Structure formats: structure tokens, C-alpha cells
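The values are calculated or read from the model by the stated rules, or taken from the named source; none is laboratory data. Here the structure is a predicted model, which is why all the values come from computation and not from measurement. With ideal geometry, Cβ positions are generated from the backbone for all residues, glycine too; neighbour counts draw on all protein chains shown.
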Amino acid sequence: MAREIATLGGGCFWCLEAAFQQLAGVHAVTSGYCGGTVEHPTYQQVCNGATGHAEVVRVEFDPAVIDYRSLLGVFFAIHDPTTPDRQGHDIGSQYRSAIFTHSAEQEAAARALIAELAASRAWPAPIVTTVLPAPTFWPAEEYHRDYYLRNPEQGYCLAVVAPKVAKLRQKFADRLKPG
């Protein structure tokens with residue numbers, strides 16, 4: 001079975017991780033950092049905004065079950081791609097909307113979907129999502145992994161992550177893992 005990788009930044013990686021883990025065809029989701037200048041960045045360094053990294057998730061998926069374009073459809077549905085360097089109350093370049101592509105096909109698919117969404121006026125403001133070749137991915141510290149699964153009652157998870165997961169479960173019910 002062939003597997004592909006998607007690397008996506010759309011605000012806090014806890015939100016993206018919790019959402020993408022729900023999807024059939026997704027085998028692994030790893031929170032981490034991409035797009036900066038520091039090797040092996042720490043969460044604290046990235047939060048300070050000086051490294052240039054974005055919080056991202058690396059999604060390992062089976063394209064025979066869920067294709068890249070469908071993953072991007074979920075990505076655009078669960079975050080606001082119109083706010084530069086911000087998602088809700090999370091502010092800073094580390095929370096930017098970004099697609100880091102792993103092939104020319106991924107780049108073409110991302111750019112085509114952004115153009116379609118822009119033409120449809122899906123949002124009242126322009127889409128600011130960047131599309132760039134995937135640089136080195138740095139996995140986040142262990143305590144960030146499966147954060148929502150391990151901390152569903154934590155305040156941020158209740159207020160921010162849970163509503164995104166609920167939206168995903170409602171809007172993409174036909175794409176969820178069984179059970």
C-alpha cells in the first residue's frame with residue numbers, strides 16, 4: 001500500500017492533529033515545526049516567533065482511501081485561511097496558514113483548490129495560505145503528541161480544539177474512521 005505525506009499549517013497543531021486523526025485513510029499525524037531557520041527548534045523558541053517556523057502537522061495517508069485534495073478540503077474547512085499570522089486568539093507567524101508540498105502534483109493541487117475557493121468567494125476576505133516546497137520537518141516535543149486525545153478536558157482543548165473536531169465530524173461524517 002502506497003502512502004503519501006502532507007504537511008499543513010493552520011494555527012495550533014493540536015487542532016489539526018485532533019481533526020486529521022479522525023479521518024479514514026490517515027495512518028499517522030505528527031505535530032511539529034516547518035519553515036524556519038533554526039535546526040531542532042523547541043516549542044518555546046517557535047512560540048517566541050523568532051525562528052520563522054510554523055506549527056504544522058505531518059499527515060501520513062493512503063491516497064487510495066483519501067486523496068490529497070480531500071485532505072486539503074478538510075484543512076480549509078477547519079481553519080481560517082484568510083487571517084495572516086493568526087488563528088482565533090493564537091497570534092504570531094507560527095500560526096500562519098501554510099501548505100508545504102512534497103511534489104509538483106501536490107503543489108498543483110493546492111494552488112488549484114485555492115484558486116477555486118477564491119473564485120467561489122468561500123470567505124469574505126482573500127485567502128492568504130502560502131504554498132511552498134516542504135522544508136525539513138521537526139517533530140514537536142513528545143508532550144504535544146496526541147495532545148487532545150490525552151487532554152480533552154484541558155481549557156484550550158474544550159474551547160478551541162473540540163469545536164473544530166465537532167465541525168469535522170459533522171461536515172465530513174462520510175470520511176471518518178469507523179468506530
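With respect to A159, is the statement that it is in contact with a helix residue (DSSP H, G or I) (Cβ under 8 Å, 6 or more places away or on another chain) and either surrounded by fewer than 17 Cβ atoms within 10 Å (Cβ to Cβ) or assigned to a helix (DSSP H, G or I) (or both) true? For A159, the condition - in contact with a helix residue (DSSP H, G or I) (Cβ under 8 Å, 6 or more places away or on another chain) and either surrounded by fewer than 17 Cβ atoms within 10 Å (Cβ to Cβ) or assigned to a helix (DSSP H, G or I) (or both) - is not met. Selection within segment 33-85: residues that are at positive phi and touching a residue at least 60 places away in the same chain (Cβ under 8 Å). The member of this set that is surrounded by the most Cβ atoms within 10 Å (Cβ to Cβ) is G35. Scanning segment 1-31 for residues that are buried (at least 23 other Cβ atoms within 10 Å of the Cβ) and either in a loop (DSSP other than H, G, I, E, B) or free of Cβ contacts under 8 Å to residues at least 24 places away in the same chain (or both) gives G11, C12. Among the residues of segment 118-156, those that are surrounded by 13 or more Cβ atoms within 10 Å (Cβ to Cβ), over 17 Å from the mean Cα position of the chain (by Cα) and of a type in the set (A, V, I, L, M) comprise A118, A122.
Closer than 22 Å to A112 by Cβ, at pLDDT 95 or above and of a type in the set (A, V, I, L, M, F, W, C), is that true of A18? Don't jump to the end; show me each part of the working.
Numbers: closer than 22 Å to A112 by Cβ: no; at pLDDT 95 or above: yes; of a type in the set (A, V, I, L, M, F, W, C): yes.
Taking the combined requirement at face value, the residue does not satisfy it.
Out of all the residues in segment 162-179, which are assigned to a loop (DSSP other than H, G, I, E, B) and modelled with pLDDT of 95 or more? Result: F172, K177. In segment 85-112, of all residues being touching a strand residue (DSSP E or B) at 6+ places or on another chain (Cβ under 8 Å) and in a loop (DSSP other than H, G, I, E, B), the one that is nearest to C15 (Cα to Cα) corresponds to R96. The selection criterion, being in a loop (DSSP other than H, G, I, E, B) and touching a helix residue (DSSP H, G or I) at 6+ places or on another chain (Cβ under 9 Å), does not hold for P135.
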